[in-house]
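Take a look at the structure below.
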Amino acid sequence: MYQLLYAFAHWLENTGWALNISGSTWAYPYVQLIHFTGLSLWVGTNVAVDLHLLGIGSKRLTSAELNNALFAWNWTGLAIAVTGGFMLFATAATSFIINPAFRLKLGLLVPLGIILHIVVQQKTKTWGQAKDTPGFAKFMGGLELLWWFAVATAAASIPYFEHVG
Amino acid sequence: MILALGACSSKESSEPEQPAPTATVDPTTAGAITGTVTLDGTPPTPRPIIMTAGPECAKLHSTPLTYPEVVTGDHGALANVLVYVKSGLGSYRYDLPTTPASLDQVGCMYQPHVLGLMARQKLDIKNTDPIVHNVHPVPHENRAWNQSQPVGGAAIETEFDHADFAIPVLCNLHPWMRAYVFVFSHPYFDVTTTAGTFDLKNLPPGTYTIEAWQEKYGTQDQTVTIGPKESKAVAFRFSAGG
């Protein structure tokens, strides 16, 4: 399985477009910009809804209404973040797949985080009907906040694990 | 149709094949061009390298490193200058060196910073750092590639098929890492040390354009004529003012 993953990563980082991104002075920062713009949208809209579930923020809208209003921005943000992230990954794929922090982030925290998010997003349609959300909704909102904080921590830790591998 | 397009894009098929030269340089008449490269004026203050993108690299150094763009020795001697025969060579066959050229990654820096080798000469790229690196040459005339080099991993054994000028070799994990590799179809090149000297040996008699390349200051050319068994010295002087 690892051999297959390594072969894919090696192929990916040697594709023409990946070599062009990493070999260019300007392309790499712009790809980073794409990734972080997408992340800002995705995490920002997640945090807004999660805080609302916790009872923090404006009460003009219910959590369900806010969730609904931000739905398109939310998933657009993830699509942009994944596109930029995939391009960044492609510049040094074989190095990333042996990095423990990257493995934790992309192999565990992000997939489970997206599942958790889908559950929270769907349930908020019912949890968030009233101005005051139920206790379990508050718990789930808080959990999702912590979860994406953990994802960001794992991402920021990637350079600290370059001595492994 | 695809086959036809492929055939049209092939360099080999569109150019007439040249017969490989068979004559070798006669060592009994060969001479040499030696010389020095210096920098006039005060060298620029070296820029410190910010290693925030690689905190594990920063741990390897007690004081910040600086970019090796301009490295000088005593009396303005300029290091890391690639001096080579740009033109004037006849058609000779040159044997490839039996020892491979070597590029290492030490303290999250490429060593040497400037390297010359011949086309199809073996190049060993090592990683003696306790850190993963990612070797990425960006050639102009050769195939680009990108390969991770884990801690304690075997040297990457490679070669360049064609002559190429100032190939940046990057590390995609550590953006400050950069070496320049020059690939020649002949053996007449040298890189200056901090003594600022170079030595182009075993040159057949003739008139040559000698070029000196420096990362920050660009290139300088000089025309030099040597007779049989003659050795001539030339001096290149770059100006710190630009």
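The values are calculated or read from the model by the stated rules, or taken from the named source; none is laboratory data. Small disclaimer: the values here were computed from a predicted structure and weren't measured. Because the Cβ atoms are built from the backbone with ideal geometry, glycine has one as well, and the counts that use them run over all protein chains shown. These accessible areas exclude ligands, DNA and RNA; they are computed on the full protein's heavy atoms, side chains included. Shrake-Rupley method; radii C 1.70, N 1.55, O 1.52, S 1.80 Å.
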| task | Looking at (1) within 28 Å of B:LEU200 (Cα to Cα); (2) open to solvent by 90 Å² or more (accessible area, probe 1.4 Å); (3) in contact with a Phe, Trp or Tyr (Cβ under 6 Å, 6 or more places away or on another chain), find the lone condition where B:THR22 falls short. | result | (3)
| When residues of segment B:122-155 are limited to those that are over 19 Å from B:ALA53 (Cα atoms), open to solvent by 20 Å² or more (accessible area, probe 1.4 Å) and aliphatic (A, V, I, L, M), the one farthest from the other protein chains (Cβ to nearest Cβ) | B:ALA155
| message | I want to confirm something. Restricting to segment A:85-104 and keeping residues that are more than 9 Å from chain B (Cβ to nearest Cβ) and out of contact with any helix residue (DSSP H, G or I) (no Cβ under 8 Å at 6 or more places or on another chain), which single residue is nearest to A:ALA154 (Cα to Cα)? | response | A:ARG103
| said: For segment B:169-186, check the following and say yes or no: at least one residue is over 27 Å from B:LEU103 (Cβ atoms) and part of a strand (DSSP E or B). | reply: no
| said: Restricting to segment A:133-165, count the residues that are in a helix (DSSP H, G or I), among the β-branched types (Val, Ile, Thr) and either open to solvent by 60 Å² or more (accessible area, probe 1.4 Å) or within 14 Å of another protein chain (Cβ to nearest Cβ) (or both). | reply: 2
| query | Would a scan of segment B:32-53 turn up a residue that is at pLDDT below 90 and within 14 Å of chain A (Cβ to nearest Cβ)? | reply | yes
| In segment A:112-132, which residue that is assigned to a helix (DSSP H, G or I) and open to solvent by less than 50 Å² (accessible area, probe 1.4 Å) is nearest to the other protein chains (Cβ to nearest Cβ)? | A:GLY113
| remark: B:PHE165 fails exactly one of (1) aromatic (Phe, Trp, Tyr); (2) open to solvent by 30 Å² or more (accessible area, probe 1.4 Å); (3) touching a residue at least 60 places away in the same chain (Cβ under 8 Å), namely (3)
| field | Matching residues, segment A:1-52, being within 14 Å of another protein chain (Cβ to nearest Cβ), touching a residue at least 12 places away in the same chain (Cβ under 8 Å) and of a type in the set (Val, Ile, Thr) | value | A:THR15, A:ILE21, A:VAL31
| request: All but one of (1) out of contact with any Pro (no Cβ under 8 Å at 6 or more places or on another chain); (2) within 26 Å of B:MET109 (Cβ to Cβ); (3) not β-branched (Val, Ile, Thr) hold for B:TYR180, so report the exception by its number. | output: (1)
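Of all helices (runs of 4 or more DSSP H) completely enclosed by segment A:1-87, which ones contain at least 3 residues that are closer than 20 Å to A:LEU106 by Cα and open to solvent by less than 30 Å² (accessible area, probe 1.4 Å)?
Values: elements: A:2-13, A:16-23, A:27-53.
Helices (runs of 4 or more DSSP H) meeting the threshold: A:2-13, A:27-53.
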| task | Would you be able to tell me the number of residues in segment B:175-208 that are under 28 Å from B:THR29 (Cα atoms), open to solvent by less than 30 Å² (accessible area, probe 1.4 Å) and β-branched (Val, Ile, Thr)? | result | 2
